Amino acid sequence: MALTNRDPGGETSKRKKAEAALEKRRVFQEAVLDCIADGIVACDREGTLTYFNRATLELHGLPLEPIAPEEWASHYDLYEPDGKTPLTRERVPLFRALKGEDVSAQEMVIAAKGRPARTLLATGRKLADSNGNPLGAVVSMHDITERKQAEDALRKSEDATRQSEERCRALSEAAFEAIFFSEKGVCLEQNATAEKMFGYTLAEAVGRHGTEWIAAEDRETVMNNMRSGHEGRYEVTALRKDGSTFPAEIHARMMRYQGRAVRVTALTDITERKEMETALIDSEERFRALVTNTEEIVYVISRDGTFLLSEGKGLSRLGLKPGEVVGQSVFDLYRENPDMLDAHRRALDGDSVIAEVDVDGNCFKSWYAPYRNQKNEVIGLLGYSINITEQKEAQERERRYQERLKALAFELTLSEERERRRLAMDLHDHAGQSLALARIRLAAAKKAAGDAGLSATLDEVSQALLEAVHETQNVVYELGSPSMHALGLDAAISEWMESRIASRHGLKTEFTADKLDARLGDDIQAILFRNV
């Protein structure tokens, strides 16, 4: 049998050698690509992922072994550079490169599951064979997270510095103090207040030594404080451009400004404060002179009852000297005077109290007011007491005098009533009876007389006598009711109302009494009848 050559020219062997060489080259290339720090991803012309290197797995937080592309894509999310806006498929660098778009330095954020987000810089291009037929696309991704963080930190630092300087300048310009920035005593900056306060423009102020704003007698002090870096407050006499001076307070400290170590000095015009201090001292002296020489007592008591102030000549009536009880407790000194202490407690509770209290036989009228701090909290009480002992004694003398006058007036009234009753009784018993008897006799004489003319005259006289009887009765009732002694006050009032009201005015009256005369004496009954 003839042998046939099945592999003419060794084509199979050559192909296998080529495939082996190709595989060896692929393995070598992948090994090289796995050593690159940037992530590399490739896809075919259909967009199916065909390759990603080791760095890609690390960047995306994926396992370091081959996984299916659909599983790989489910492990992370892609965002725009803001880290919030999802990256659409049209914006994914790999697919942009596949469409032939220019992808150079495109930033994106990748958020792998369970790992911090990373910022990547992607560069890609479309792949084609030697004939220009599309093969797919490849993208490299460089991790720029640290760089972005550093840039953000630098930007924030620059923004913070700029904002700090802007705030510093704004605060400086808005300050009520004159503010200077100086280096080694030489002025670098000043605010608007400094220009208004001293008269130097900024151009005039820059380059001048700080002591030029200070009067000659205080310049050495200022220089020493500059050299030593003194940061406490102290007072000087400031010097304006026009040569005038004014009292000032300086407060300075060292700080960084525009990268330089500078001394910031705040200078305050304390003219008003000095004037107020002087006025306050004068006021305190006048107040102390006033409260020391006043005839009353002025005092201040703390929240716990301790005397803080006790002044006034009125203390001498209590056997005390001004200031003697300062430091002592009012609750201890006057524990035997609960009324006074009660008034104090009410004032300490926030009430304003006016009270009259007796202290060691002296009567005082006192005003207590809460003593409050700037937060409106009660921290004590203010007291002012006037000794009204003599006034109260005078009032008592006046009261007794008034009582005596009332008693005398009462006695006088009773005397008048008794005299009226006597006159009423006399009129009733004598004049009234005589008139009545005269009418009776006149009536008898009329019957005996036969003369018609005389009879008419006798009728006229009888009528006159009747009118005299009525007038006498009226006078008797004006002076007092004769029947009151016999029948009582209620009967006398009823009789009077019947005769004076019913008969004269036609008004029916009724008077009801509950044994008035059983509880009242004759004099009181007489006065009550007179009032009716």
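Jot down the per residue volume, in cubic angstrom and as a whole number, of the convex hull over the alpha-carbon atoms of the stretch 234-324.
Values: hull volume 15.3 nm³, N = 91.
Cα-based convex hull of the stretch 234-324, divided per residue, equals 168 Å³.
At 1.002 mPa s and 20 °C, plugging the Kirkwood radius over alpha-carbon pairs of the stretch 247-389 into Stokes-Einstein gives what diffusion coefficient in µm²/s?
Details: Rh = 18.0 Å.
Result for D is 119 µm²/s.
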Partner lysines whose C-alpha sits under 24 Å from that of Lys321, ignoring same-chain residues fewer than 8 away, are Lys313, Lys365
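Hey, which of these cross-link pairs are over 18 Å Cα-Cα: Lys84/Lys113; Lys84/Lys148; Lys196/Lys274? Don't skip to the answer; put the middle values down first.
On the way: Lys84/Lys113 15 Å; Lys84/Lys148 16 Å; Lys196/Lys274 20 Å.
With Cα atoms farther than 18 Å apart: Lys196/Lys274.
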Here the stretch 179-218 gives, from Cα atoms, an Rg and Dmax in Å of 9.5, 26
Taking only the alpha carbons of the stretch 381-425, the radius of gyration and the largest Cα-Cα distance, Dmax, both in angstrom, are 20.5, 71
For Lys126, the lysines lying under 20 Å Cα to Cα, once residues fewer than eight places off in the same chain are dropped, come out as Lys99
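Taking the Cα centre of the stretch 244-401 as origin, sum charge times position over the Cβ atoms of Lys and Arg (+1) and Asp and Glu (-1), and report the length of that vector in debye to the nearest 20.
Using Cβ point charges on Lys, Arg, Asp and Glu, the stretch 244-401 gives about 880 debye.
Values in this text are rule-based calculations from the coordinates and carry no lab data. Only a predicted model underlies this, so the values are computations on that prediction, with no experimental measurement involved. Methodologically, a virtual Cβ is constructed for each residue, glycine included, from the backbone with ideal geometry; neighbour enumeration extends over all protein chains shown.
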